[in-house]
Structure formats: structure tokens, C-alpha cells
Amino acid sequence: MSFLSLSHLEKTFGTNRVVKDFNLSVEKGEFISLLGPSGCGKTTVLRMVAGFETPTSGGIVIDGQEVTGLKPNQRNIGMMFQAYALFPNMTVAENVAFGLKVKGVAKDKRDARVEEMLRLIGLPEMGGRYPFQLSGGQQQRVALARALAPSPRVLLLDEPLSALDAKVRVSLRNEIREIQRELGITTIFVTHDQEEALSMSDRVVVMNGGIAEQVGAPFEVYNRPSTRFVATFVGTLNVFDGAVTGPQSVTLAGVPVTLAEPVEASKGATVALALRPEAVQLGRVEGADVVLPATIESVEFLGSIIRVRARAGGSVVALDTFNRMDAPPPAIGAETEVSLHARDLIVLAG
Amino acid sequence: MMRVVAWGVFLLGCLFFLLPLVGMTEFSLKMRRGVYSFDAYAAVFGDPAFWATFGYSLALAAATIVVGVVLVVPTAYWVRLRLPQARPFVEFITLLPLVIPAIVIVFGYIRMYNTSSFLPLTGSALGTDILLTMGYATLALPYMYRSVDTGLRTIDVGTLTEAAQSLGAGWVTILARIILPNVMVAVLSGAFLTLAIVLGEFTMAALLNRPAFGPYMQLLGANRAYEPPALAVIAFAITWGCMGLMQLATRFAKHERAKA
Amino acid sequence: MPTEPIRRAPRRFPLHWLGILPFAIFATLFLILPTMRIVLGAFQTPDGGFTLQNMLDLNTDSIRAAYWTSIKLSFYTAALGCAVGFAMAAAVVFGGLPKGVRSPLLTFSGVASNFAGVPLAFAFIATIGPVGLITVWLRTEFGINLRAYGFNLLSFWGLVITYLFFQIPLMILIITPALDGLKREWREAAAVLGATGVQYWRMVALPILFPSILGTFALLFANAFGAVATAFALTGPQLNIVPIKLFAQIRGDVLGNPNLGYALAFGMILITAGANLLYIWLRVRSERWLK
Ligand SMILES: Nc1ncnc2c1ncn2[C@@H]1O[C@H](COP(=O)(O)OP(=O)(O)OP(=O)(O)O)[C@@H](O)[C@H]1O
Ligand SMILES: [Mg+2]
């Protein structure tokens, strides 16, 4: 039995079906990300778990307890918001103590817990400050401490990093993940940043239009996307048209290719074949299944990685190569070749 | 549950506000025995003193608005542009009329500007009118200043000024041709509020013995039965009109800004 | 910033300040000096010598009663105005009322808060005066005689009810934006942390609103304390409140000592200024958390 389970959740605002038959089982201590474009219903799912929205139908069970009808303040859940959620009239310590105070925890126990929490988030000296005296990153850390202080059963985070600048975002996401591991708290994290989702999560739920399109480990979602949407939304993708020539074979730009998996399309049909940029290599590579002539269109130097766009096989192909000190990036307009392996091709359904 | 309480509070509040309005309207129509009529209104409008006092107050309101604008716009502009360090001082002054009762201020006027003083304003009718105008400008100062200052906040005073100066404009030109049109809405909304205040004002006019609308209403109230509620209806309509014009100005401005 | 050139070229300094000279002259002539005249007069004998006698003379039964009634009147109307205005604004902002009621309420509040003075008194006389609409209606329909129950419009409580007509809307006008400023995240954060609605209001919302409420209270207090016209039109010169007493004193020397009028007026300034200083002090204390 999973620790947190959402079954057949539906939410309709007026005539707008925002969440459709949403199912999810989360194990204790697991870190799950909800990833999807803006407006796809991530926040709505999270708010139903927190109790701010009542599901139109479906149920939510936490640790064996049916919570669907409970009010937010009866659920024992921790939540972190995008920004500005600290109570401005309270010091950092008072903010962190709030959940314990309303529960009636005695003052000395409260103080001890606050100290512990502030040490956990690395701000042990800041207890006496007011929120406006903190940086955005510090405020979000305090918000995390406040959410964790009453030892909630589940931690919900709704894009807690999106209001911060890039450097802070990366360091804070590592910190959140570390604290989450340390406490072993079951966590749902909402984001529309795929890098965040892939780097932090045990499993990722990719949502689109209120539907969970795929649930899986980051490696799986990235490498084996189950739908075209997942494939295009998570990471960059090169898509070729292939003509089906047999149960497991296609031609790609005239080159016959044998795929790793059978195609579910009849002979003569056209299928979309997708390829990650890192699976395409510049130049002729020994043992490559397909080698196509290519013209370099653009070169983006990103530091350790160089992203090249080349026209090949009737479409523009993005490919990543590692930076090497002895090999300068190719010139724009240069004629060259690109190589790829049949095993890296993903056949996109639908 | 919450919604029921909210509706209850709201409707009770509305009842409290509507009843006096209904009461005065109903009463004002009862002058003729047994039937509703507009006799009270006819009596009010037929009274030359009504028109005389109303006209007087209107003229004074116009003067007050001019004084207020000439005083407030350049000051607020200058404080924003060059004297931000004077802001606390100026704001404090503009808020004083909310703290010092009008009756105290006018008491001070009467004693300070009497016939034996350095500036014997109360000695002549014109002098008293000037004094009363200044008194009204003082009463309106908090509203006028805040309105204009808020208006100035939405435009970039510094850039506008520099642009105008680089084209050779002098201070008067800048204020009249650049700044004033840009804060026109704020000025108008302050002006309509001033109008509402001046038309209904009683204390200052009564104590300075000027034939204004407020003292006229009071006098009528002390001597008649049906005309006062009719006057109240008229006064309410005027207040509503002033506020309506104020909102209209604001809405018009938003519209203009949206177009730009 | 503008302070820079000032430091470098001190000779330009006075020119800058010339810009607010007209305003300073106006404020001095028509606000500061008249007020100072009152303050000085309160401590002067008729021929100009210093004295504390005027202030001491305030301590008569009649004047003490007038101050006490005025303070009570201002306090009650400010407190009730704040409470009712807050309740109505909260009902509109949080109570789930249709969005359409908000803008009319604010417009009406703008009108009603300016509908003070003489006509307001007429409206209430026509409604709950001796032959007012409601008075007559209660008497003929239900046989209830308000007068027999001790209600009289021309009394303290009659004045309180009348003043509320402009006090409540003023509160609504000021507090509605403040209520809008309460972030949804605060309420929700409090809720997930286990707080009840009451706990949220007591520990979060009210402390945050406290400065606004207090400021409005001080404003309403001064507003009622200095109001002359409504009370005068309602009751004439009889009602024993300070502004009416001062009004009568200015019109003709009813206190038997012209300089006692100064003292009376100075007392009014002391009280309204005191209310505002109290407000500022409380605000500073309660706003350590503000930028
Ligand atoms: N209270 C509401 N009433 C009506 N519609 C709503 C409400 N809340 C959300 N919606 C709609 O539901 C849809 C999903 O909203 P939701 O906030 O869950 O999206 P999201 O995935 O969190 O997007 P974002 O990344 O922009 O935060 C949107 O189309 C939104 O307009
Ligand atoms: Mg969202």
C-alpha cells in the first residue's frame, strides 16, 4: 500500500475540466515532481492534496487515512509557496514556530524545535529578523523550515524556486533535496522547469492538459518517453520522418534502418523518429548506422557543451558535442556529416 | 455559512445607509397634505436666497480650486523633482488640516486678521471672501495634495522636465504645458472633491458671516419643515454628482492610458 | 541624487528651497500662525500677559462635561465606524459576495463620507426625528413609540447614529485597499500549518491590518471631534459638546472671558493631536516589521 495515493482525481471549474482522471501512488519518503506547461493543472492537483480545492470526484488517501473531505488545517501537511508567504509581522523564529503554536506545543519545546529547524536550513543566527530583512533565497529557506517544523506527513512545494535568480535556484534545490532525504519526508514538487524536475526527483509526473501523460524515473522519462508530448516537452529533440518498411525496419532519409523495438504501424506508413541531441555525433563515426551529409547552420558555445545546429536529412538537427581544447567548434556553413545509431531512435506514438 | 454572515452584514449596512435617504426623499415630497408633490422643491428653487447663496459658494469653490491648483501642483512637482528631502515636512503640513479642527483654524483667522491686525482681511467683504477661500483651500489641502502627488508618481517628472528644458522651455511653460496636462486627471479629481467640500461647508462661512450655501441650509432648517429635506436631497445629488465626475475623470484617464 | 549637487555647490541650496516658498507662506499664514495664535492666546491675559488662568478656568462642570461628551462621542463613533466599516469591507472582500457589489459600495462610500454637515442632519430628522419616516411608521404600524423607549435623535445617541453615516463609509474607503493587500498565501499557509480561521485572523491578519485600523480610528476620532455642522443643524446651540460651545463662544462671548475661548480651542487641538500622536507611537511600535 502506498503512502499517498490519488485516485481518479477530477477537477472542473465551471465547464473547464482542469484535472482529468489523475492517478498517482507515492511511496513513503519519495520525491515526486509534477512537470508540465503552464496551465496544465499542476497547482490544482497540489491544492487538492492540500485541501484548498475540493475534487469534483476521486479520492486522496494519506497513510491509510481518507483525507478528501478534511479541511486544510486537519491534514497535517506542509506546504511551500512560490513567494511572499512568510507572515511579515512575525520574526523568522515566530514564523517557524507558528505551526507548533497553533497546535498548542509548549514554549520550551517550540523553541528547541525552531532552533533545530533554523540549524537545518543553515540560518541559525537569523531567528530574530523579520522577513523583509532576508534575501529571497533566505525567505524560501525559512518557508521550508516553517513547513517542516510541525513534522508534516507530506510536503508540498509549488514552484518554490521560480522567483529566485538562477544561482540561488540551483544551490537551494540541492539543499531542499538534501533536507528531504535527511528527514525522509514524502514530497510533491511542482515545477515547469524540466531540469529541476529531472535533477531532483525520484519520479517525475509529466502532465499535459490535466492528464498525467507519463509517470517514471527521470532516466526513463527522458530516454523512453511514452508519448510525443513527453518526448518534446522533456529535453530537446530532433524529429525525423521515417517510412515503415517492415515490422521493425524503416528508412530514414533513404537509409534503411533496423530499429531496437518493433513499430506499431503498417508498412508504408510514416512514423516520427526522435533523437536526443547528445545521440547525434558530428562527423563520420565508426559503427554508426546512419551517416548523413550536413551543413552547419549555427554554433552555440555553452562552455562544457557546444550545441550545433545542422541541416541534414531534410530537417534541422540539434546536436551536442563536448568542448575539447584541441578541437575548435566547426564554422558556420561548413559541409560535414552527422552520424547516429539506430538504438538511440525513439519511435513517437500518435 | 460565511456567505450568509457576509450577506447579512452587507444588507444591514445598506439598510442603514438607504433609510435616511429614503426618509429625506419621502419627507421632502409631503409638503402638500395627503399627496406627494414637488412643492418643497418648488419652494426651494423659488427662493432667491437659494440661488444667491448657491452661486456664492460655487464662485468660492472655483476660487478655492484655482488657489489649490496653483499652490499644490508646483509644490508637489518641485518636491518630487528637486526637494525630496522636504517631503516629510510638506506631507506633514498637508495632513495637519485633518488633525486641527476647522473651527479652530477659523477661530485663529478671526483673531489674527481682524481690523486691528497687520492684515485686516475681515474688515471688508472682499477681504473676508479671500480669507474664506484660503480657509477652504486649507481644508481641501490634504485631498488635493495627495491626489496630485499620486498623479505625479505615475509620470516620470525628471525625464519630462529635462526633455522640456532641452527644448528651451522655462519653468512656467513646463508647469503649465507639460506637468499640468499630465496630472489633469488628478487635479480634476481633487477639484471635484474640493467642490463637494466647499458647497456643503458650514462652520467657516457661518463664523466669518458670509452668505454661503451651508449657513443658508442651516437657517432654512431652523425655520421650515419640508424645505430642509428637499435641500438635503439636492445636496446629496450634488455630492453624488461631484463624486461621479471624479470617477469619470479617473476612468477616462485609465482609458486614455490604455490607448496610449 | 539631488543631495549631491547640493553638497558640491552649497550656494544653490537656498534656490532649491525657494520652490516651495509659496506653499510655505500659505501654510504659515493660513494654518500655522492662526493655530499658534490660539495656542498663545490660551496662555495670555486679555492685555497680553502670561497666565495659566485660562487653562485652569476650563475646569468647570459645564466645560468638563462638554469635553467628556465630545470625547465619548468621537470615541464611540470612531470605534463603531471602524467596526461596522471593517465588517462591511470584509464581507465584500472575503465574504463571497458577487464582484458587482464592490464598486458601487466604494462609490457610495465616497459620496456618503462627504455627505456630512447640515443636509445629513436633515436626512436623519426626516427619518428618525419626532415625525420622521421610521418614527411614524413604527408608531402607526406597531404602536411602538421610540420616544417612550428613551430614544431621541437630538441626544447623544442620536448624534452617534447620525455621525456613523459618514464615519462608516470613511472606514470602508480606507480599509478596503488594506484588506486587498492581505495575500492569499498567508491565509493558506496558516491553514496548512493547522491554524483555524480565528487563529489566522488573530495572529496574522489583524496584526498586519492593525496600523491601518488604528490610523483610520485616529482620523475618524478627529473627524468627529471637530465636527460642528451636523450637531449644530441637528440640535442648535444647546447640545453641550466642545465644538458647539466654541462655536457659540466665537459668535458672542458666552463664557464671560474672551481668552477662555482660546483655551477651549487649544484643548481641542491637544486632544486631536494627542489621538494622532498615540496613533503614531502605536504604529511605530507595531511596525517594526515594516520597511
Ligand atoms: N479557481 C479557479 N477558477 C477557475 N479556473 C481555475 C481556477 N484555478 C485554476 N484554474 C484554471 O485551471 C487551469 C490549471 O491551472 P493551474 O493553476 O493548476 O495550472 P498550473 O499547471 O499550476 O500552471 P502554472 O505553471 O502557470 O502555475 C488553468 O487553465 C486555470 O485557468
Ligand atoms: Mg501553478
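When residue A:49 is tested against the conditions (1) in a strand (DSSP E or B); (2) within 15 Å of ligand 1 (Cβ to nearest atom), the lone failure is (1). Residue-level check: of (1) within 16 Å of ligand 2 (Cβ to nearest atom); (2) away from every other protein chain (no Cβ under 14 Å); (3) hydrophobic (A, V, I, L, M, F, W, C), residue A:217 misses just (1).
Within segment A:138-170, the set of residues being basic (Lys, Arg) and within 21 Å of residue C:190 (Cα to Cα) comprises A:141, A:146, A:153. Of the helices (runs of 4 or more DSSP H) lying entirely inside segment C:9-96, those containing at least 2 residues that are free of Cβ contacts under 8 Å to residues at least 60 places away in the same chain and more than 13 Å from chain B (Cβ to nearest Cβ) span C:53-57, C:61-94. The residue list C:271, C:250 contains one member that is within 19 Å of the chain's Cα centre (by Cα) and of a type outside the set (Asp, Glu), which is C:271. Could you identify the single residue in A:229, A:233, A:189 that is at pLDDT below 90, crowded, with 20+ Cβ neighbours inside 10 Å, within 16 Å of ligand 1 (Cβ to nearest atom) and over 21 Å from residue A:309 (Cα atoms)? Selected residue: A:229, the only one of A:229, A:233, A:189 that is at pLDDT below 90, crowded, with 20+ Cβ neighbours inside 10 Å, within 16 Å of ligand 1 (Cβ to nearest atom) and over 21 Å from residue A:309 (Cα atoms). If you take the residues in segment A:192-210 that are more than 16 Å from ligand 2 (Cβ to nearest atom) and not in a helix (DSSP H, G or I), which one is surrounded by the fewest Cβ atoms within 10 Å (Cβ to Cβ)? Top of the filtered list is A:202. Inclusion of residue A:94 among residues that are within 16 Å of ligand 1 (Cβ to nearest atom) and buried (at least 16 other Cβ atoms within 10 Å of the Cβ) is not warranted. Can you find even one residue in segment A:43-63 that is surrounded by fewer than 23 Cβ atoms within 10 Å (Cβ to Cβ), free of Cβ contacts under 8 Å to residues at least 12 places away in the same chain, acidic (Asp, Glu) and in contact with a strand residue (DSSP E or B) (Cβ under 9 Å, 6 or more places away or on another chain)? No, because not a single residue in segment A:43-63 is surrounded by fewer than 23 Cβ atoms within 10 Å (Cβ to Cβ), free of Cβ contacts under 8 Å to residues at least 12 places away in the same chain, acidic (Asp, Glu) and in contact with a strand residue (DSSP E or B) (Cβ under 9 Å, 6 or more places away or on another chain). Does segment C:247-258 include one or more residues that are part of a helix (DSSP H, G or I), within 11 Å of another protein chain (Cβ to nearest Cβ) and of a type in the set (Lys, Arg)? Yes, segment C:247-258 contains at least one residue that is part of a helix (DSSP H, G or I), within 11 Å of another protein chain (Cβ to nearest Cβ) and of a type in the set (Lys, Arg). Given the condition of a type in the set (Gly, Ala, Ser) and within 25 Å of the chain's Cα centre (by Cα), answer yes or no: does some residue in segment A:46-56 qualify? Yes - at least one qualifying residue is present in segment A:46-56. Is it true that residue B:73 is within 30 Å of residue B:158 (Cβ to Cβ), more than 10 Å from chain C (Cβ to nearest Cβ) and assigned to a helix (DSSP H, G or I)? Considered against the rule, which asks whether it is within 30 Å of residue B:158 (Cβ to Cβ), more than 10 Å from chain C (Cβ to nearest Cβ) and assigned to a helix (DSSP H, G or I), residue B:73 comes out as yes.
Yes or no, residue by residue, for (1) of a type outside the set (A, V, I, L, M); (2) outside any helix (DSSP H, G or I):
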| position | (1), (2) |
| --- | --- |
| B:14 | yes, no |
| B:19 | no, no |
| B:22 | no, no |
| B:26 | yes, no |
| B:32 | yes, yes |
| B:35 | no, yes |
| B:41 | yes, no |
| B:44 | no, no |
| B:51 | yes, no |
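Apart from one condition, residue A:90 fits all of (1) touching a His at 6+ places or on another chain (Cβ under 8 Å); (2) within 11 Å of chain C (Cβ to nearest Cβ); the exception is (1). Checking B:119, B:83 one by one, the residue that is modelled with pLDDT under 90 and within 7 Å of another protein chain (Cβ to nearest Cβ) is B:83 and no other.
A single entry from B:80, B:32, B:87 fulfils the requirement of being within 15 Å of residue B:149 (Cβ to Cβ), surrounded by fewer than 15 Cβ atoms within 10 Å (Cβ to Cβ) and among the basic types (Lys, Arg): B:87. Residue A:115 meets the conditions (1) more than 14 Å from chain C (Cβ to nearest Cβ); (2) within 16 Å of ligand 1 (Cβ to nearest atom); (3) among the charged types (D, E, K, R) in every case but one. The failed one is (2). Taking (1) out of contact with any Phe, Trp or Tyr (no Cβ under 6 Å at 6 or more places or on another chain); (2) crowded, with 18+ Cβ neighbours inside 10 Å; (3) in a helix (DSSP H, G or I) in turn, residue B:3 satisfies each apart from (2). Looking across segment B:179-190, the residues that are outside any loop (DSSP other than H, G, I, E, B) and more than 14 Å from chain C (Cβ to nearest Cβ) come down to B:180, B:181, B:182, B:184, B:185, B:186, B:187, B:188.
Scanning segment A:144-168 for residues that are away from ligand 1 (no atom under 16 Å from the Cβ) and either within 15 Å of the chain's Cα centre (by Cα) or assigned to a helix (DSSP H, G or I) (or both) yields A:144, A:145, A:146, A:147, A:148, A:166, A:167, A:168.
Considering only residues that are under 12 Å from residue A:80 (Cβ atoms) and more than 10 Å from chain C (Cβ to nearest Cβ), look in segment A:122-143 and name the one that is nearest to ligand 1 (Cβ to nearest atom). The selected residue is A:140. In segment A:238-262, which residues are farther than 27 Å from residue A:307 by Cβ and surrounded by fewer than 20 Cβ atoms within 10 Å (Cβ to Cβ)? Across segment A:238-262, the qualifying residues are A:243, A:245, A:246, A:247, A:248, A:249, A:251, A:256, A:258, A:261, A:262. Can you spot a residue in segment C:125-132 that is within 19 Å of the chain's Cα centre (by Cα) and either within 16 Å of residue C:233 (Cα to Cα) or modelled with pLDDT of 85 or more (or both)? No: zero hits. Answer yes or no: is there a residue in segment C:55-69 that is touching a Phe, Trp or Tyr at 6+ places or on another chain (Cβ under 7 Å) and either modelled with pLDDT under 90 or crowded, with 19+ Cβ neighbours inside 10 Å (or both). No, segment C:55-69 contains no residue that is touching a Phe, Trp or Tyr at 6+ places or on another chain (Cβ under 7 Å) and either modelled with pLDDT under 90 or crowded, with 19+ Cβ neighbours inside 10 Å (or both). Taken together, the residues in segment A:3-22 that are touching a residue at least 24 places away in the same chain (Cβ under 8 Å) and either within 15 Å of ligand 1 (Cβ to nearest atom) or farther than 17 Å from residue A:156 by Cα (or both) amount to 13. Selection of first residues in segment A:144-164 that are more than 11 Å from chain C (Cβ to nearest Cβ) and within 17 Å of residue A:109 (Cα to Cα) and of second residues that are away from ligand 1 (no atom under 12 Å from the Cβ) and in a helix (DSSP H, G or I), restricted to Cβ pairs under 6 Å at least 6 apart or on distinct chains, gives the following pairs, ordered by first then second residue: A:145/A:96; A:145/A:117. Here the condition is being of a type outside the set (A, V, I, L, M, F, W, C), free of Cβ contacts under 8 Å to residues at least 40 places away in the same chain and within 18 Å of residue B:201 (Cβ to Cβ); of B:101, B:88, B:84, it holds for B:101 alone. Under the condition of being small (Gly, Ala, Ser) and more than 16 Å from ligand 1 (Cβ to nearest atom), which residue from segment A:23-42 is surrounded by the fewest Cβ atoms within 10 Å (Cβ to Cβ)? Applying the filter and picking the extreme gives A:29. Summed over segment A:52-109, the residues that are part of a strand (DSSP E or B) and away from ligand 2 (no atom under 16 Å from the Cβ) give a count of 10.
The values are calculated or read from the model by the stated rules, or taken from the named source; none is laboratory data. Note that this is a predicted model, so its numbers are computed, not measured. When we count neighbours, we look across all protein chains shown, and the Cβ atoms used for this are built from the backbone with ideal geometry, even at glycine.
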